[in-house]
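Down below is the structure, laid out as structure tokens.
The values are calculated or read from the model by the stated rules, or taken from the named source; none is laboratory data. Just so it is clear, the model here is predicted, and its values are computed rather than measured. Here Cβ is always computed from backbone atoms with ideal geometry, including for glycine, and neighbour counts include all displayed protein chains. With ligands, DNA and RNA removed, areas are computed over all heavy atoms of the protein, side chains included. Shrake-Rupley method; radii C 1.70, N 1.55, O 1.52, S 1.80 Å.
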Amino acid sequence: MSKPFVSVLIDTYNHERFIEQAITSVLEQDMPMADVEIVVVDDGSTDRTPEIVRHFEPRVRLLRKPNGGQASAFNFALPQTRGEIIAMLDGDDWWAKQKLRRALETLEENPEVGIVGHGHYEVYSDGRPNGMVIPGDVYRVDLSTRESAELFRYLAGFLGTSKMTIRRSVLNRILPISEELNIEADEYIFTLAPALAPAIILNEPLFYYGFHEG
């Protein structure tokens, strides 16, 4: 069976301090990347973000648009990606080296599953000790029963932007996102996804969540 084509979508706005690290973390994944496209959607940055992204061309494709918020960035960029599977990353976060491989392995082993999430590392810029946040187990959730929906409510935070790897077949049934959602458009996606297909949450920290001013 041939491997699916994968799109990595990085959404960014004024992330000149972080975007290089985000892109590099994708390029340095511990798996073959020939069938992976990397797309950066710049939501109207006014700093050097687009200039930095262009240093990675042609391996990375830059899409630019006027500032409109995360929902508008997703609506603009996602239809321009080509992958059967889409993995997302915020421009001020970065992935662990095994992130993409582990998410793709999970989807391959569970063809009925529509979205995969996981734990993360917390990285603070103010000198506090860094931390790790993972669920206690590997969980499978959907919204078919009250019990599973309650579990999903508890675990939903493990499906945010930089944690989401989702099948296009599921995503196409969710888009477009209301552009009134300036922030947390990812929450719209990961709340609806388990209503369409089961989700799996891995008890592995597979990305670094950067905490910083702004």
Exercise for the section: Output yes when any residue across the range 93-109 is more than 20 Å from Ala197 (Cα to Cα), assigned to a strand (DSSP E or B) and open to solvent by 30 Å² or more (accessible area, probe 1.4 Å), and no when none is. Expected result: yes
Exercise for the section: Out of the residues in the range 51-80 that are in contact with a strand residue (DSSP E or B) (Cβ under 6 Å, 6 or more places away or on another chain) and open to solvent by less than 10 Å² (accessible area, probe 1.4 Å), state the one that is nearest to Gly210 (Cα to Cα). Expected result: Val53
Problem - helices (runs of 4 or more DSSP H) lying entirely in the range 111-214 (those with 3 or more residues that are open to solvent by 30 Å² or more (accessible area, probe 1.4 Å) and under 30 Å from Asn67 (Cα atoms)) - result: 185-196
Exercise for the section: Select, from Thr12, Thr49, the only residue that is hydroxyl-bearing (Ser, Thr, Tyr) and farther than 28 Å from Glu204 by Cα. Expected result: Thr49
Practice task
Would you confirm whether any residue within the range 26-33 is over 20 Å from Arg168 (Cα atoms) and without any contact (Cβ under 8 Å) to a residue 24 or more places away in the chain?
Solution key: yes
Problem - Single residue of Ser2, Ser45 found to be modelled with pLDDT under 95 and part of a loop (DSSP other than H, G, I, E, B) - result: Ser2
